[in-house]
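Each remark here refers to the structure printed beneath this line.
The values are calculated or read from the model by the stated rules, or taken from the named source; none is laboratory data. Remember, it's a predicted structure, so these values are computed and weren't measured experimentally. All Cβ positions, glycine included, derive from the backbone under ideal geometry; neighbour counts span all protein chains shown. Accessible surface is based on the protein model in full, side chains and every heavy atom, while ligands, DNA and RNA are left aside. Shrake-Rupley method; radii C 1.70, N 1.55, O 1.52, S 1.80 Å.
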Amino acid sequence: MIRVRNLTVRYDSGFALQDVTLDIPTGQCVLVTGPSGCGKSTLARVLTGLIPHAISAQFEGAVHVAGMDVREHTIAELAQRVGAVFQNPSSQLFHLRVEDEVAFGPRNLGLSKDEVRERVSWALSATNLMGSMDRRPSELSGGEKQQVAIAAALAMRPRVLVLDEPFASLDMHGIRQVTATLQALRERHGVTIVLIEHRLVEGARLADRVLLMAEGRVIADGEPTAILSDQHLWRNLGLRRLMDYPTEPWRSLVIADSRHRGDLTALIEMRGVSAGYGGRRVIQDINLTLYPGEFVALVGDNGAGKSTLALVAAGLLKPLEGTICFNGGELKQPGLDISLLFQNPLDQLFTESVNEEVAFGPRNYGLFEPERHVQILAEADLVDLRSRRLMALSGGQQQRTAMAACLSLCPRLLMLDEPTIGQDWGHLQRLMDFLTTLSQKGTTILLITHDYKLVCRYAQRVIVMEEGKIALEGRFRRSEQEKTYAHVEAREAWG
Amino acid sequence: MSTEGRSAEPVRRLVGTMGRLVVFFWSISLLLIAPPNWIPLAVGTWLGVAVLLHPAALRVPFRRRWILLFGFLIVANIFWVGELDWNLWGLAVSSEGLLIGLQMVLRAVVVLVAVEGFSNSVDIAEVAGLLERFGLEGLGFSMGVAVNLLPFLRQSSLNAWRSLRMKGGLRRQRWRGLRLLLVNIIGNALCRADEVVLSAEARAFSPDRSRIIPLEIGAFDWLILTVGLSSLLALILVR
């Protein structure tokens, strides 16, 4: 179904794929994984024809998908054989009703009304969305949006479905919805699936085969059990292994424990806080205390109110009710005392270079000190990148720059909203180790995440949010799996 | 690939988008064209149609703000329009003003109910599809992109502003801060638009070959069009 021969793709910034050769037979589900920047997304763009037709890149080699040469056929022709689903579901939906969204592709092919209707019905029933055809895509949950994106791709009747990190922005519930849909497509309709993912548990369950990529090349190719059990391979690439992913709900992983160190005075204290948008309460009756030097994880499903709580704590959103006490008084200046790192670093980066970005806040507050500036750049490993333009940085580098800009004001509380999206474990581990050092020096860290392993490994305290309220507060319960994992790690560390 | 699965033929509505649009324009035209002494008959006919098509919209004129507005219209007319030839609880009022006020209220009620009924029963996508037929090709796609892009832009702009606030806001570098904020918002919007275009291209979209959103024609739509046009024509002739 897919035949790739000596494929090399080069962007202006360098090689993305180098001499890749592979074959994928009909009906197979292949999981493609590897560290950030290894060329996974470029492979997806080639298979869907976006490279070379819509994205500028140098292309060498031969790629045939469902019998079509991607260089010779237009995207419109390829779209009838290859469906594409991208990381962010919202950017793939641009109609006012689910039905029109799914019908968009077939209409572009110039099919008759009856044929379009028949395809829409089929795609919606294959993705279990028949009841949502009149809904607005913008009102759907993340998992539902991704299902609509899959249905829209399916309506083109593709033989191959290429999904580029479809789980990246979803919580466990959304991931389960999408996984069930893909499973059904594979079993009932025999669609060949190329699944590009960092998150391996669900991918491994679906896949017949795993392709592991690094630096633009395929470095391992085989059955999931064989590839995923090679611990040294994963460790060397800085990737996670399957055992890193508990699949239990948060409540069962946290042991209630509200004891705190009595010798410390509270850094921030929230009492009876409710907040929301346009009169709608997103968080209610929040009672939370954070102490200096603590590393706390705030967890819960999408929509539980985690980001709203962080905005209120940072002084960026006024509470509707309740009081917030910072260091015994009122919070005066957001950024100086409390800083928040947003999910998308691009929202937070303004200036033209790394150097300017890190210096902007201190200069604006009249607190710029050259020695401190250099120290922050060094701590965030940005010295060599200081003159680089922000748009030319990788996602991980952008995030480090945004964090360095926050830290340049020496906040006493640093909150990070989902810093894990699109990051491989190697990058994340370095970020977390840096945060641990900060926490040891007295900065309080509040980490908002869906990531079990980060919570298990780094958080001293876990706060579980459900439906806008704090449902549980305590510490992470180490499962048998985690104990085994810790034991193996310790043994490896001791050689 | 197998094509099994439900391919249900949707139940055809009795009144489709075209029918509802005809009723909307008919309702408004009816009250504009009808001579004053025909207004009760016109309102009666319209009321029957409204009860059949969108009864829920008939509740709208009973909202407090509309009742206050209607009251103001009547009061203003009975005191300031025409001769004060009536005595109402000791107050001199104008019977002509009362009639004019009532006519104005009736017309306002008809317009209000027609707009509410039409907007509740016809999706914005169908309106876009309708306008596409009048030469605005690609409007449905553009409106969809805009509607789905707006919440993202709003959130992205809000995040950028909050982020700037955390860096001291517009205090020492006011103009530079403002310029950088705008560049950030525009840059993010362009990135998002680029993602949308790639996604649309992957589904065979081309601006030259964009397809018009199909309109749903109800079983009675042509009948409604014929009756509606004939009744308006008859009214014009009678006048």
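Of the accessible area of segment A:1-122, computed with a 1.4 Å probe over protein heavy atoms only, carbon and sulfur atoms account for 40 percent. Here the simple spin-label model places points 7 Å from the Cα toward Cβ, and for B:ARG13 and B:VAL60 these points are separated by 1.6 nm. What the Cβ-Cβ distance of A:GLU60 and A:ASN236 gives, at R0 = 30 Å and to the nearest 0.05, is a FRET efficiency of 0.60.
Please say if chain B is rounded, prolate or oblate, where rounded means a/c under 1.5 for a ≥ b ≥ c the square roots of the C-alpha gyration tensor eigenvalues, and otherwise the choice is prolate for a/b larger than b/c and oblate otherwise?
oblate
FRET efficiency for the pair B:TRP175 and A:ASP381, taken as 1/(1 + (r/R0)^6) with r the Cβ-Cβ distance and R0 = 45 Å, rounds to 0.85.
For the peptides A:113-125, A:31-43, the ranking by packing is A:31-43, A:113-125, with the highest mean count of neighbouring Cβ atoms within 10 Å listed first.
Sorting A:126-136, B:184-194 by their mean Cβ neighbour count within 10 Å, with the most densely packed peptide first, gives A:126-136, B:184-194.
Under 5 Å from the amide H of A:LEU320 lie the amide H atoms of A:SER274, A:ALA275, A:GLY276, each residue being 5 or more positions distant or on a separate chain, with H modelled from the backbone and absent for Pro and chain starts.
Carbon-plus-sulfur fraction of the accessible area of segment A:250-493, 1.4 Å probe, in percent? Before the final figure, lay out the partial values.
Working: 4850 of 10350 Å².
After summing per-atom areas, the C and S share lands at 47 percent.
Round to the nearest 0.05 the FRET efficiency obtained for B:ALA189 and B:LEU136 when R0 = 30 Å and r is the Cβ-Cβ distance.
0.85
Pairs of Cα atoms nearer than 8 Å and 6+ residues apart set the relative contact order; for segment A:250-493 it is 31 percent. Please say if segment A:2-244 is rounded, prolate or oblate, where rounded means a/c under 1.5 for a ≥ b ≥ c the square roots of the C-alpha gyration tensor eigenvalues, and otherwise the choice is prolate for a/b larger than b/c and oblate otherwise? Judged from the Cα gyration tensor, segment A:2-244 comes out oblate (a/c at least 1.5, b/c at or above a/b). Here the 3J(HN,Hα) profile of segment B:99-104, calculated from phi with Karplus coefficients 6.51, -1.76 and 1.60 at θ = phi - 60°, is 4, 5, x, 4, 4, 5 Hz, Gly and Pro shown as x. Of the residues B:MET143, B:MET18, B:MET166, the one that moves most in a GNM of chain B with alpha-carbon contacts below 10 Å is B:MET166. Lysine pair count for chain A (Cα-Cα distance under 28 Å; residues 8 or more apart in sequence or on different chains): 18. Peptide A:86-99 has a mean of 6 when you count, residue by residue, the C-beta atoms of other protein chains within 10 Å of its C-beta.
What is the protein assembly as shown by shape, rounded, prolate or oblate, if you read a ≥ b ≥ c off the alpha carbon gyration tensor as root eigenvalues and call it rounded for a/c under 1.5, prolate for a/b larger than b/c, and oblate otherwise? Note, shape of the protein assembly as shown comes out oblate. A simple rule links phi to the HN-Hα coupling: the Karplus curve 6.51 cos²θ - 1.76 cosθ + 1.60 with θ = phi - 60°, which for segment A:131-145 gives x, 10, 5, 9, 7, 7, x, 5, 9, 7, 6, x, x, 5, 4 Hz, with x for Gly and Pro. The 1.4 Å probe gives accessible areas that order A:ILE324, A:ILE175, largest first, as A:ILE324, A:ILE175. Among B:PHE70, B:PHE79, B:PHE25, the largest mean-square fluctuation in a Gaussian network model of chain B, built with springs joining Cα atoms closer than 10 Å, belongs to B:PHE79. Among the protein heavy atoms of segment B:138-209, carbon and sulfur supply 66% of the accessible surface, probe 1.4 Å, non-protein parts ignored. Remark: accessible area buried at the A-B interface is about 5800 Å², both chains counted, probe radius 1.4 Å. Going by a 1.4 Å probe on protein heavy atoms, which residues of segment A:49-84 end up with at least 30 Å² less accessible surface in the whole assembly than in their chain alone? Buried on complex formation: A:LEU50, A:ILE75, A:ALA76.
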